[in-house]
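Novice: Next up is a structure, given as structure tokens.
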Amino acid sequence: MQSSDIAARYTFAQQLAREAGEFAHTYFRRLDEITVESKGTQDEVSVADRDTEAFIRQRIGEAFPGDGILGEEGGDDRAGKSVIWVIDPIDGTACFVNAMYTWCVSIAVVIDGAPTIGAVYDPNAKELFHGVAGAHANVSAGAWVNDKPAKVKDVTDFKGGVLGAGFSHRSQPDEFTPFLHRLLSQGGMFYRNGSGALMLCYVAAGRLIGYYEPHINSWDCIAAVAIIQAAGGRCNDFLANDGMTEGNAIVAAGKTLYPQLVGLTGQATL
Ligand code: IPD
Ligand code: CA
Ligand code: CA
């Protein structure tokens, strides 16, 4: 793909993440009126998730009708496409529906199998995390929080800051609690705010020193993976073994801490 096409999608993704975040926020301001349904254990969906995804899909379809789209709530229209938008209309739905502020809109563009563009917008903090992985002409290198450069913090051990840790009931508790024990035993500390996308963006911004979750879906994390790479950090090859469809474990950190974090997870396949 030509770099001008990447630049056009990057600009569009940033605008769309902001617009979709403000759209979702109109529902957040009248939570008493919205319908919430259960999808599984500790997994809910609201009319705000569905309407925001429809809004995003319509805008992408108008602007880039030849591109594919994979979204959490609206399905999979990506057969045979090399440019795929991967969207989570609201990441942190449990927070959203319970009137907590840590949720965001996550929009990624995967090009020829590589997480390339990321735009994640937190309408409560008015923060847009964005970046493009890899070097492309016409595109500013690096990652950003609004218009400020974002850089991963590279610490030498777990005492160097706070680590994001995510868990959903797609995983087993036994896959996770030994990890927390090892982290705490090494003088580390964990943070969870209910939005994997936002915590991963905090890694890109140097607020958290890394992130681990034993299973996460592509729409939760691919935008942030592109942003972390653009911010000088390291992630596992999330899309390996059809991570796009099936999800995968996610590990992200600065270059020095990354191998230690992989060791701490106890996952042999990372
Ligand atoms: C979830 C959140 C949560 C993470 C889960 C995700 P949702 O997404 O990102 O932090 O632990 O793996 O499924 O349901 O809020 O869009
Ligand atoms: Ca999500
Ligand atoms: Ca979601």
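The values are calculated or read from the model by the stated rules, or taken from the named source; none is laboratory data. Everything numeric in this text was worked out from a predicted model, so none of it was measured. No Cβ is skipped: glycine too gets one built from the backbone with ideal geometry, and neighbour counts run over all protein chains shown. With ligands, DNA and RNA removed, areas are computed over all heavy atoms of the protein, side chains included. Shrake-Rupley method; radii C 1.70, N 1.55, O 1.52, S 1.80 Å.
Novice: Using DSSP, restrict attention to beta bridges with both residues in the chain and report what percent are antiparallel, rounded to the nearest 5. Numbers along the way, then the final one.
Specialist: On the way: 40 of 49 bridges.
So the antiparallel bridges in the chain amount to around 80 percent.
Novice: Count the lysine pairs in the stretch 109-268 whose Cα atoms lie under 21 Å apart, taking only pairs 8 or more positions apart in sequence or on different chains. Numbers along the way, then the final one.
Specialist: Details: Lys126/Lys148; Lys126/Lys151; Lys151/Lys159; Lys151/Lys255; Lys153/Lys255; Lys159/Lys255.
Summing the qualifying lysine pairs gives 6.
Novice: While we're here: Do any trypsin sites (Lys or Arg not before Pro) in the stretch 1-98 lie in a DSSP loop with no more than 16 other beta carbon atoms within 10 Å, and if so, which?
Specialist: When the trypsin sites (Lys or Arg not before Pro) of the stretch 1-98 are filtered for loop state and at most 16 Cβ neighbours within 10 Å, Arg29, Arg30, Lys81 remain.
Novice: Any idea what the relative contact order of the chain is, in percent, if you count C-alpha pairs under 8 Å spaced at least 6 apart? List each step's numbers first, then the result.
Specialist: Values: 604 pairs, mean separation 46.7, N = 270.
Once divided by the residue count of the chain, the mean separation gives 17 percent.
Novice: Can you tell which of Asn241, Asn217, Asn146 shows the greatest fluctuation in a Gaussian network model of the chain with Cα springs below 10 Å?
Specialist: Asn241
Novice: Provide the convex hull volume over Cα atoms per residue for the stretch 117-192, in Å³.
Specialist: 147 Å³
Novice: Now for a different question. For the chain, which whole-number percentage of the solvent-accessible area (1.4 Å probe, protein heavy atoms only) is attributable to carbon and sulfur atoms? If you can, show how the numbers build up before the last one.
Specialist: Details: 5650 of 11330 Å².
About 50 percent, which is the carbon plus sulfur part of the accessible surface.
Novice: Please compute the volume of the convex hull spanned by the alpha-carbon atoms of the chain and report it per residue in Å³.
Specialist: Working: hull volume 30.6 nm³, N = 270.
In the chain, the Cα convex hull volume per residue is 113 Å³.
Novice: Then there's this: Sorted by mean Cβ packing within 10 Å, highest first, what order do the peptides 168-179, 95-106 take? Intermediate values should be presented prior to the final figure.
Specialist: Values: 168-179: 13.8, 95-106: 21.7.
Descending packing order for the listed peptides: 95-106, 168-179.
Novice: What number comes out for accessible area per residue over the chain if the probe is 1.4 Å? Units Å², please. Mind dumping the intermediate values first?
Specialist: On the way: 11330 Å² over 270 residues.
With the other protein chains kept in place, the chain gives 42 Å² per residue.
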